[in-house]
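Chemist: Can you keep this structure in mind? I'll have questions shortly.
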Amino acid sequence: MKILVIGGTQFIGKHLVASLSKAGHEVSVLHRKAEHDHGKKVLNLQADRNDIAQVKSALAGKSFDAAFDLVYDWERGTPATVVEQTAKLLTGSISRYVFISSVAAYGDGLNHHEGDALAADDHTDRYVREKAQSERALFRLHQRHGTPVVTIRPPFVYGPNNPIYREQFFWDRIRDKRPVILPGDGRRLMQFAYVKDIVWACQRALEVPAALGHAFNIGNARPLTQCEVLDAFFAAAGKSTEVLRVQRERIARAGGHPLGPNLYFGMYFDLPPITSVISKAQRVLGLKPTLFGDGLKETFRWYARNHSKKAIDYSFEDRLLQRERSQLAS
């Protein structure tokens, strides 16, 4: 098949392009830069995804059998109008338009099924709002114009080559024999999706006729507490380190924030939980999620070969830990 990957140079995209190429597909990557690192067999199409005129120009005269839409611009956002206009350009010429959304599109809450309402248009978080709006726009196109839409809603995605400072955050502290801060009581729930499971689901969405016009929650079936997540990180590394519980209010007063710059539990990892039920993906796509421990072991092997040797600035954590220990001593 001739496949367009919108994005394709970051985390999920790198794995997806490699898998599609290995399967013998003819892959084109559309992104902002003049070149990529996928090799000569993958065609490079240059365009700013947020500029629909550039996208239209880059795609002019080209045809594809399917498209994967992975892009989200964290600095400028990716409005639903951009996603909708891109899908419109390809409507009528492709058999699938697979859009990577997120469980964040639900807005909040636990145990979401795909038929649950998505976040409102006035949601305060831009990422949440734009993912939900994009899905609504795509399914309107499917209903009105037959755009062959499939959307994928993962929770926290982990795995080799993750550029977001998440798994590595904890393994760096084990390596440097540093304490890990556990926010609150450690019971906040987290749900994960292995990057290779996301790639597998994307490719299955091309193959399964019943996937057309549907959304799928993809991830591990059981959410974990933050305590369980730490235990899994330790087990994957074969080592552990000290864990110190700190109330979230105290972390915030000291300047800590889940998005940084003063991280305390990995990038964006300490958020109110949003979890989902994956039974539809198991039934329709045949999803068999990778065990979290197995995926982490493979991720740790990648980390051990590739982690940065640069010194890490622990000054914020030092101040916070000193304050907490002083309070405990008094």
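The values are calculated or read from the model by the stated rules, or taken from the named source; none is laboratory data. Quick caveat, the model's predicted, so the values are computed rather than measured. A quick note on method: Cβ atoms are made from the backbone with ideal geometry, for glycine too, and the neighbour counts reach across all protein chains shown.
Chemist: Between 67, 87, 34, which is part of a loop (DSSP other than H, G, I, E, B) and either touching a strand residue (DSSP E or B) at 6+ places or on another chain (Cβ under 7 Å) or of a type in the set (S, T, N, Q) (or both)?
Modeler: The unique qualifying residue is 34.
Chemist: Contact list please: Cβ distance under 6 Å, first residue in the stretch 100-127 and more than 15 Å from residue 274 (Cα to Cα), second residue of a type in the set (A, V, I, L, M) and part of a loop (DSSP other than H, G, I, E, B), pairs at least six apart or on different chains.
Modeler: 100/70
Chemist: Can you find even one residue in the stretch 258-281 that is assigned to a loop (DSSP other than H, G, I, E, B), among the β-branched types (Val, Ile, Thr) and crowded, with 17+ Cβ neighbours inside 10 Å?
Modeler: Looking for residues that are assigned to a loop (DSSP other than H, G, I, E, B), among the β-branched types (Val, Ile, Thr) and crowded, with 17+ Cβ neighbours inside 10 Å, one finds at least one in the stretch 258-281, hence yes.
Chemist: Kindly provide the set of residues from the stretch 57-73 that are in contact (Cβ under 8 Å) with a residue 24 or more places away in the chain and surrounded by fewer than 14 Cβ atoms within 10 Å (Cβ to Cβ), ordered by number. Outline the logic, then answer.
Modeler: Our first condition is that a residue be in contact (Cβ under 8 Å) with a residue 24 or more places away in the chain; within the stretch 57-73, this holds for 58-59, 62-73.
The answer is 62, 63.
Chemist: Suppose we keep only residues that are part of a loop (DSSP other than H, G, I, E, B) and touching a residue at least 40 places away in the same chain (Cβ under 8 Å) within the stretch 75-84. Which one would you say is surrounded by the most Cβ atoms within 10 Å (Cβ to Cβ)?
Modeler: 78
Chemist: Please go through the stretch 1-31 and pick out each residue that is modelled with pLDDT of 95 or more and assigned to a strand (DSSP E or B).
Modeler: Residues satisfying the conditions are 2, 3, 4, 5, 6, 26, 27, 28, 29, 30.
Chemist: Restricting attention to the stretch 290-306, which residues are surrounded by 14 or more Cβ atoms within 10 Å (Cβ to Cβ) and either closer than 18 Å to residue 198 by Cβ or not aromatic (Phe, Trp, Tyr) (or both)?
Modeler: Passing the criteria: 290, 292, 295, 296, 297, 298, 299, 302.
Chemist: Only one of (1) in contact with a Phe, Trp or Tyr (Cβ under 8 Å, 6 or more places away or on another chain); (2) assigned to a loop (DSSP other than H, G, I, E, B); (3) under 19 Å from residue 226 (Cβ atoms) fails for residue 161. Which number is that?
Modeler: Here residue 161 clears every test but (3).
Chemist: Evaluate the following for residue 127: is it farther than 15 Å from residue 86 by Cβ, among the aromatic types (Phe, Trp, Tyr) and out of contact with any helix residue (DSSP H, G or I) (no Cβ under 7 Å at 6 or more places or on another chain)?
Modeler: No: the conditions fail for residue 127.
Chemist: Does at least one position in the stretch 185-200 carry a residue that is out of contact with any Cys (no Cβ under 6 Å at 6 or more places or on another chain), in a loop (DSSP other than H, G, I, E, B) and of a type in the set (A, V, I, L, M, F, W, C)?
Modeler: No, because not a single residue in the stretch 185-200 is out of contact with any Cys (no Cβ under 6 Å at 6 or more places or on another chain), in a loop (DSSP other than H, G, I, E, B) and of a type in the set (A, V, I, L, M, F, W, C).
Chemist: If I filter the stretch 90-115 down to residues being out of contact with any His (no Cβ under 6 Å at 6 or more places or on another chain) and assigned to a helix (DSSP H, G or I), which single residue comes out as surrounded by the fewest Cβ atoms within 10 Å (Cβ to Cβ)?
Modeler: Here the residue is 90.
Chemist: Oh, and also: If you check every pair at least six apart or on different chains, which have Cβ atoms under 6 Å apart with a residue in the stretch 174-190 that is farther than 30 Å from residue 277 by Cα and in contact (Cβ under 8 Å) with a residue 12 or more places away in the chain first and a residue that is surrounded by 15 or more Cβ atoms within 10 Å (Cβ to Cβ) and of a type in the set (Gly, Ala, Ser) second?
Modeler: 174/237
Chemist: Here's a follow-up. Looking at residue 286 and the list (1) more than 18 Å from the chain's Cα centre (by Cα); (2) under 20 Å from residue 185 (Cα atoms); (3) modelled with pLDDT of 95 or more, which single condition is not satisfied?
Modeler: (2) is the only condition that residue 286 fails.
Chemist: Which one of these is in a loop (DSSP other than H, G, I, E, B) and surrounded by 18 or more Cβ atoms within 10 Å (Cβ to Cβ): 118, 141? Even if it seems obvious, please write down each step before you answer.
Modeler: Details: 141 fails: in a loop (DSSP other than H, G, I, E, B).
Just one listed residue meets the conditions, 118.
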